[in-house]
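Enquirer: Sharing a structure, written as structure tokens. Questions coming.
The values are calculated or read from the model by the stated rules, or taken from the named source; none is laboratory data. Keep in mind it's a predicted model, so treat the numbers as computed, not measured. When we count neighbours, we look across all protein chains shown, and the Cβ atoms used for this are built from the backbone with ideal geometry, even at glycine.
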Amino acid sequence: MDFDFPLRKIIHVDMDAFYASVEQHDNPELKGKPIAVGGGSKRGVVSAASYEARKFGVRSAMAGAIARRNCPDLIFVKPRFDRYKEVSMQIRSIFFEYTDLVEPLSLDEAYLDVTENKKGNPSATLIAKEIRQKIFDKTGLTASAGISINKFIAKVASDYNKPNGQKTVNPEEVIEFLENLDIRKFYGVGKVTAEKMYRLGIFTGKNLKEKSLEFLNQHFGKSGSHYYNVVRGIHLSSVKPDRIPKSVGSERTFSENLSSEIFMLEKLENIANELERRLQKSKIAGKTVTLKIKYSDFTLQTRSKTIPYFIASKDLILETAKELLYQSSLENSVRLLGISLANLNTEKEKEAPKKESVLVQLKFDF
């Protein structure tokens, strides 16, 4: 099959259990043992889990108490984000040896466009292999990679042979790969969406492809056209090296649940202070304030308000957050509060996409 759009050579690099692997590397006594980065107390939350811990069902964002119940021998390690950032920068420097088109998604993963690269290597597969080896030589850590014609497929493929593996989906394999893919493996399809798709008889990419655009729009709203396109191998988002944040935020988890808005005001002021510091450091302002509330039963609620001018000061942010707090009564006691600012002054107007229609032959060296 030929694609009626330009093909790229995209690599998605994803570090294997990054935080936990850094801890095991820096402390050899932890190697081969089930560890969780985060808090193991009653109020603690797992930030990352080693593969040894994952065998017991320990996952990121899991309550520390539940993680310990699943794995009684679990070792909790305090996070060291400065160290993770340091290692991440070492890894990123390797990426830039190959291309300037690097789009970091977080400290432990990034997209690379190597269609044209600094090494003059036509094979994205070999480049990914080289990068993974260099990462290991420099940091002692393993990485997995996905290689394909666009970001979506590369992201899905990077999870295929984890840990310490890679998967290339060549142009001529794209359609078959997507048709055979379990719908839960589609990047962006979470648990709730997957269950909805199951109810509609959609279990694989092939089932998804059989549904019309009208059907998908009807059942999935704005996401309908996205699902319609990606299952056909269409995902035109380019690798954006200057990835601009859409929001800036700060949040706190409390050692004891808070049951009254009165007790939350001091906490909100501290959060607003931290948010102001981050905004000033990045020279960012925004118009939309969002208050995040996580209740003791782990249900999540957000309340937002958009004002007609950009703000970055603690006082204005706090004033809006208080208004949102009192907007409606609390549903339960609260374990976490957060404030974020969106609709930022860094957002550029979206340019109309340039129309390009290039028939690319399948002899595209991957």
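Enquirer: Assess whether Ile175 counts as being in contact (Cβ under 8 Å) with a residue 40 or more places away in the chain and in contact with a Pro (Cβ under 8 Å, 6 or more places away or on another chain).
Expert: On the way: in contact (Cβ under 8 Å) with a residue 40 or more places away in the chain: yes; in contact with a Pro (Cβ under 8 Å, 6 or more places away or on another chain): no.
For Ile175, the condition - in contact (Cβ under 8 Å) with a residue 40 or more places away in the chain and in contact with a Pro (Cβ under 8 Å, 6 or more places away or on another chain) - is not met.
Enquirer: A further question on this structure: Taking the conditions exactly as written (of a type in the set (Asp, Glu), closer than 22 Å to Met89 by Cα and surrounded by fewer than 22 Cβ atoms within 10 Å (Cβ to Cβ)), does Asp182 satisfy them or not?
Expert: It is false that Asp182 is of a type in the set (Asp, Glu), closer than 22 Å to Met89 by Cα and surrounded by fewer than 22 Cβ atoms within 10 Å (Cβ to Cβ).
Enquirer: I've got another one for you. Considering only the range 216-246, how many residues are under 22 Å from Pro104 (Cα atoms), of a type in the set (A, V, I, L, M) and touching a helix residue (DSSP H, G or I) at 6+ places or on another chain (Cβ under 9 Å)?
Expert: 4
Enquirer: Can you find, within the range 96-137, the residue that is surrounded by the fewest Cβ atoms within 10 Å (Cβ to Cβ) among those that are in a loop (DSSP other than H, G, I, E, B) and among the hydrophobic types (A, V, I, L, M, F, W, C)?
Expert: Result: Phe96.
Enquirer: Can you find, within the range 148-172, the residue that is surrounded by the fewest Cβ atoms within 10 Å (Cβ to Cβ) among those that are of a type in the set (S, T, N, Q) and in contact (Cβ under 8 Å) with a residue 60 or more places away in the chain?
Expert: Asn164
Enquirer: Mind checking which residues of the range 246-266 are surrounded by fewer than 13 Cβ atoms within 10 Å (Cβ to Cβ) and either within 22 Å of the chain's Cα centre (by Cα) or assigned to a helix (DSSP H, G or I) (or both)?
Expert: Lys246, Ile262, Glu266, listed by residue number.
Enquirer: Based on this model, can you work out whether Thr288 counts as touching a residue at least 12 places away in the same chain (Cβ under 8 Å) and either in contact with a Cys (Cβ under 7 Å, 6 or more places away or on another chain) or within 28 Å of Gly40 (Cβ to Cβ) (or both)? Before you say what the answer is, go through the steps one by one.
Expert: Details: touching a residue at least 12 places away in the same chain (Cβ under 8 Å): yes; either in contact with a Cys (Cβ under 7 Å, 6 or more places away or on another chain) or within 28 Å of Gly40 (Cβ to Cβ) (or both): no.
Against the criterion (touching a residue at least 12 places away in the same chain (Cβ under 8 Å) and either in contact with a Cys (Cβ under 7 Å, 6 or more places away or on another chain) or within 28 Å of Gly40 (Cβ to Cβ) (or both)), Thr288 does not qualify.
Enquirer: Could you go through the range 247-266 and let me know if any residue there is closer than 30 Å to Lys155 by Cβ, outside the structural domain of Leu324 (by TED's automatic domain parsing) and among the acidic types (Asp, Glu).
Expert: No, the range 247-266 contains no residue that is closer than 30 Å to Lys155 by Cβ, outside the structural domain of Leu324 (by TED's automatic domain parsing) and among the acidic types (Asp, Glu).
Enquirer: In this structure, is Ser238 of a type in the set (S, T, N, Q), in a loop (DSSP other than H, G, I, E, B) and either in the same structural domain as Tyr187 (by TED's automatic domain parsing) or closer than 30 Å to Val114 by Cβ (or both)?
Expert: Criteria met by Ser238.
Enquirer: Please indicate, with yes or no, whether at least one residue in the range 267-278 is part of a helix (DSSP H, G or I), out of contact with any Asp or Glu (no Cβ under 8 Å at 6 or more places or on another chain), among the acidic types (Asp, Glu) and loosely packed, with under 12 Cβ neighbours inside 10 Å.
Expert: no
Enquirer: Next question, about the same structure. Only residues that are in contact (Cβ under 8 Å) with a residue 40 or more places away in the chain and over 20 Å from Gln327 (Cα atoms): list them for the range 258-281, please.
Expert: Asn273, Leu275, Glu276, Leu279
Enquirer: Can you confirm whether the range 187-205 contains a residue that is in a helix (DSSP H, G or I) and under 30 Å from Val22 (Cα atoms)? First the steps, then the outcome.
Expert: Initially, the range 187-205 is screened for residues in a helix (DSSP H, G or I), giving 191-199, 205.
Checking the rest, the ones that are also under 30 Å from Val22 (Cα atoms) come to 191.
Looking for residues that are in a helix (DSSP H, G or I) and under 30 Å from Val22 (Cα atoms), one finds at least one in the range 187-205, hence yes.
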